[in-house]
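Take a look at this one; I'll ask things after.
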Amino acid sequence: MGKVWVLDTETKGTGATVVPLEKVLKQPAPADERVFVPRESDPRPEREPEPKPPRAFKVVDLMTREVLAQGASTRETVDVLSGVRSIVDVSIFVWQPQREQWRALSLREERVLWELRGGAA
């Protein structure tokens, strides 16, 4: 008796192929195959979040590009801003320790510092 051939369409993007019927039929799993059941792991203790370092600011005069303050605390930054004529005369940056770089404050963030300056006067 000859082999029975079938069209196998379960190929991955190469098109259908003609294969013997025995190859397409699903074979039962061997009975002696062991089943692996992983054991439950012990729950890990939750780490306490590290305390955030205090913010550090840098203030740069836009006309002269002179650094008026670098690594300054919020209070020191507000004190530096009290000597500035207008909010648009300076650029204010905040230090980001995760990225290890200075990030320019948005206008909204600058206004918050500027309003603190008004309260200090």
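Readers should treat all values here as calculations from the given coordinates under stated rules, not as data from a laboratory. What you see is a predicted model, and the numbers here were worked out from it, not measured in a lab. When we count neighbours, we look across all protein chains shown, and the Cβ atoms used for this are built from the backbone with ideal geometry, even at glycine.
Taking the beta-carbon count within 10 Å as an exposure proxy, list ASP8, ASP42, ASP89 from fewest neighbours to most. Working shown, then result.
On the way: ASP8 14, ASP42 6, ASP89 11.
In increasing order of surrounding Cβ atoms, one gets ASP42, ASP89, ASP8.
Which whole-number percentage describes the relative contact order of segment 57-120, with Cα contacts under 8 Å and a sequence gap of 6 or more?
Numbers: 83 pairs, mean separation 20.3, N = 64.
Rounded, it is 32 percent for segment 57-120.
Follow-up question, since we're still on this one. List PHE36, PHE93, PHE57 from most exposed to least, where exposure is judged by having the fewest other Cβ atoms within 10 Å.
Numbers: PHE36 4, PHE93 17, PHE57 22.
The order, fewest Cβ neighbours first, is PHE36, PHE93, PHE57.
Under 24 Å between C-alpha atoms is the cut-off here; go through the chain and count lysine pairs that meet it, provided they're at least eight residues apart or on different chains. Mind dumping the intermediate values first?
Numbers: LYS3/LYS23; LYS3/LYS26; LYS12/LYS23; LYS12/LYS26.
The number of close lysine pairs in the chain is 4.
For ASP89 and ARG34 in the same chain, what is the full-extension length gain: residue separation times 0.36 nm, less their Cα-Cα distance, in nm?
Residue separation times 0.36 nm, minus the Cα-Cα distance, leaves 12.4 nm.
Answer with one residue from PHE36, LEU105, TRP95: the one whose Cα lies farthest towards the positive end of the charge dipole of the chain, charges on Cβ with Lys, Arg +1 and Asp, Glu -1.
LEU105
While we're here: Between SER73 and ARG47, what FRET efficiency comes out of the Förster formula 1/(1 + (r/R0)^6) with R0 = 30 Å and r the beta carbon distance, rounded to 0.05? Please list the in-between numbers first.
Values: r = 28 Å, r/R0 = 0.92.
Given R0 = 30 Å and the Cβ-Cβ separation, E is 0.60.
How big is the shadow of the Cα convex hull of the chain, averaged over all directions, in nm²?
19.1
Give me the mean projected area, in nm² to one decimal, of the convex hull enclosing the Cα positions of segment 57-120.
4.1
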